[in-house]
Amino acid sequence: MIEFTVRIHWGLLVLAGLLGTVLASLYAVALSTEWGRRVCERRTHWTVIGGHVLMALTMGFVSAPMAGLWLLWSALHGLPLVIRSEVMHWREEERVWGGFGAALRAFGGMGVRDEDAGSDRGGGNGHGPGGAGG
């Protein structure tokens, strides 16, 4: 059994709340930069994790046990969502890059046979028979 008592002084609660508001505002400004917008667009879940860590940090000034329990609870419930997002992102990147590679291979091989292409594997000038310079 876990048991803890939280006694919060109003002054400390107000100061921690103000600190949290200032830090959250600075975080919002950072996420509004070009870099921050890219992160938000590609990996929104990481910005949420950053917000949770920031909240737990300032909550720790009021009650470390309460902040620790809250952060643990957030991690337990958020981890499956983060894993899902990362797997989906990885699959999307694989699909895009796989398709890009296939398109390059198709474009690069259009109408050119290996024996006509010429190469530096020996013999020929690299232009193929009947090609420019050949």
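Please treat every number below as a calculation from the coordinates, not as lab data. Every value quoted in this text rests on a predicted model; they were computed, and no experiment measured them. Heads up, the Cβs are rebuilt from the backbone with ideal geometry, glycines too, and the neighbour counts pull from every protein chain shown.
Per the conditions (1) β-branched (Val, Ile, Thr); (2) surrounded by 13 or more Cβ atoms within 10 Å (Cβ to Cβ); (3) under 30 Å from Ser85 (Cα atoms), the sole criterion not satisfied by Val62 is (3). Of all the numbered requirements in (1) free of Cβ contacts under 8 Å to residues at least 24 places away in the same chain; (2) more than 22 Å from Leu79 (Cβ to Cβ); (3) surrounded by 11 or more Cβ atoms within 10 Å (Cβ to Cβ); (4) among the β-branched types (Val, Ile, Thr), Thr5 misses one, and that requirement is (3).
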